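The structure appears right after this line, and notes come after that.
The values are calculated or read from the model by the stated rules, or taken from the named source; none is laboratory data. Nothing here was measured: the structure is a model prediction, and the numbers come from that model. Using ideal geometry, Cβ is built from the backbone for each residue, glycine included, and neighbour counts are taken over all protein chains shown. Protein only, heavy atoms only, side chains kept; ligands, DNA and RNA dropped before computing areas. Shrake-Rupley method; radii C 1.70, N 1.55, O 1.52, S 1.80 Å.
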Amino acid sequence: MKLDVNVLRYLSKDDFRVLTAVEMGMRNHEIVPCELIDRIARLKHGGTYKVLKNLLKHKLVHHDSSKYDGFRLTYLGYDFLAIKTLVNRGIFNGVGRQIGVGKESDIFEVVKEDGTVLAMKLHRLGRVSFRAVKSKRDYLRHRSSYNWLYLSRLAALKEFAFMKALEEHGFPVPQAVDCNRHCVIMSLVPGYPLVQVRELQNPDVVFETIIAAVIRLAEHGLIHCDFNEFNIMIDDDEKVTIIDFPQMVSVSHPNAQMYFDRDVECIYKFFAKRYNMSFEENENDSDGLEVEIDEVGRPQFSEINKNSGFLDKELAASGFTRKDQDELEKLIEGELEKQSDSDDEGTADEEDINNTNVKQLESLDLSKEDVNHQAGDDKHDDNHQVGDEHDPEEEEEEEEEEEAESEDDPELEKSLSKQRRKAIQAAHRGKRNFASRNTYKDKGGKSSQNSKVHKQLSGW
């Protein structure tokens, strides 16, 4: 939609009031109902509907009555709101010709009161030529619903923040002046896009300057992701200026190496094709920056020192959250180690408890055999049946040998005492051990028979 600022002269305060009401209603409505616009604008005597007809005539709003009677803002209406705000701030007082058109924005000249010419960039996401914004850009982050005006506003805020930070760190970028909604005001770069330049006096120097800028960006934690001949401006003195920043990502991004290699590949291809440059010889530095070069002569992303700055952290670039990613990874690794240690301790405790439970079961089985043996002896005595007679002296010798064996193994006694203590601690914590569960679940088994034998013995 063509920007015709002549209409701006004839819009009244009520018109801008209704436009602002539609904008406020679009925060949670795709199509804002007329009743809600009237309630937000608060114009007297039903003037809201008259103003909406005037705005619809100038295509500042769009009428939709498919589900209910409502309106939504168009890009032209959003342009007027941003321009009106910036004019009231005194940033500029006149809009000139259009100097650039892209798949995501339009660029115009604006003039200040003192005659200084600035550049105004209006982001226009959602054009037919580029609608894969959700997959190609990360403006939405965790959000699921969106509209194009909101995405354009996010892109403008992101570009303004990157431009301001890069300017403070001495990068060759335009000077960021102000930002409102989807509009960014910056200094006008005197020069031409590199794609329009047919000849260069020193193509080698320009090439080294551009590659050095790519490497320096990576050293400060950022990757341009759209570094090509269309986003590089060059003046008559062959001074390079970089533009277009909303798609920049952090060096911590999962695809950072791919983006870096793609930016470098674009520059190499363009200079080889346009200026007939050959890159067979290996270079060891570019513009004083020591970076290892691969076999073809291109800088390697893995060998770049990324400790010159942390702009990705300061600006929360794509691929880098607000929290430091390295610290988060260390924290996660530490928690995993703690969990593994605790799991190892828990498994060791469980093994000890199981061992004690098994030994308790063995002792129970032995006691059952003794009780059954005693009961059988008593029965044999009552029935006056003669069995095998055991020599008491042999039994005493066997007991003495067992005591001697236990005294000869102090380690066995320590392990038994340790297992006994752990079993007692587990019992105090309210954990039922293996033996207690089995004895509880046993119905009519050996334990119940054992209890019956004990009762018979106590009765006898």
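Return the inverse of the average 1/r over all pairs of distinct C-alpha atoms in region 4-69, which is the Kirkwood hydrodynamic radius, in Å to one decimal.
Hydrodynamic radius (Kirkwood, Cα pairs) of region 4-69 is 12.2 Å.
Around Ala156, with a cut-off of 10 angstrom between Cβ atoms, what is the net charge of the other residues, counting Lys and Arg +1 and Asp and Glu -1?
Taking every Cβ under 10 Å from that of Ala156, the sum is +3.
Need one value: the accessible area of Glu104 in square angstrom, 1.4 angstrom probe, rounded to the nearest 10.
Answer for Glu104: close to 20 Å² accessible.
Between Asp114 and Gln257, how many nm apart are label points set 7 Å from Cα along the C-beta direction?
Taking the simple label geometry, Asp114 and Gln257 are separated by 5.0 nm.
How high is the FRET efficiency from Tyr49 to Asn28, r the C-beta distance, R0 25 Å, rounded to 0.05?
Efficiency at R0 = 25 Å is approximately 0.70.
State the extension gain, in nm to one decimal, for the chain segment bounded by Asp236 and Gln300, taking 0.36 nm per residue of separation less the distance between their alpha-carbons.
Stretched out fully, the Asp236 to Gln300 stretch lengthens by 19.9 nm.
Students often get this wrong, so check it: of Lys103/Lys239; Lys239/Lys273; Lys67/Lys121; Lys57/Lys158; Lys121/Lys273; Lys112/Lys164, which have C-alpha atoms separated by over 28 Å?
Over 28 Å apart, Cα to Cα: Lys67/Lys121; Lys57/Lys158; Lys121/Lys273.
Computed FRET efficiency, Cβ-Cβ of Leu188 and Phe310, R0 30 Å: what is it to the nearest 0.05?
0.45
Note the full-extension length gain between Glu413 and Val87 as 0.36 nm times their separation in residues minus their Cα-Cα distance, in nm to one decimal.
Full extension from Glu413 to Val87 adds 108.3 nm.
How would Arg39, Arg89, Arg27 rank on accessible area, largest to smallest, probe 1.4 Å?
Greatest to least solvent exposure: Arg27, Arg39, Arg89.
For region 180-242, which whole-number percentage of the solvent-accessible area (1.4 Å probe, protein heavy atoms only) is attributable to carbon and sulfur atoms?
45
Please work out the FRET efficiency for the pair Arg97 and Lys273, using the Cβ-Cβ distance as r and a Förster radius of 51 Å; give the result to the nearest 0.05.
Computed FRET efficiency for Arg97 and Lys273 comes out at 0.95.
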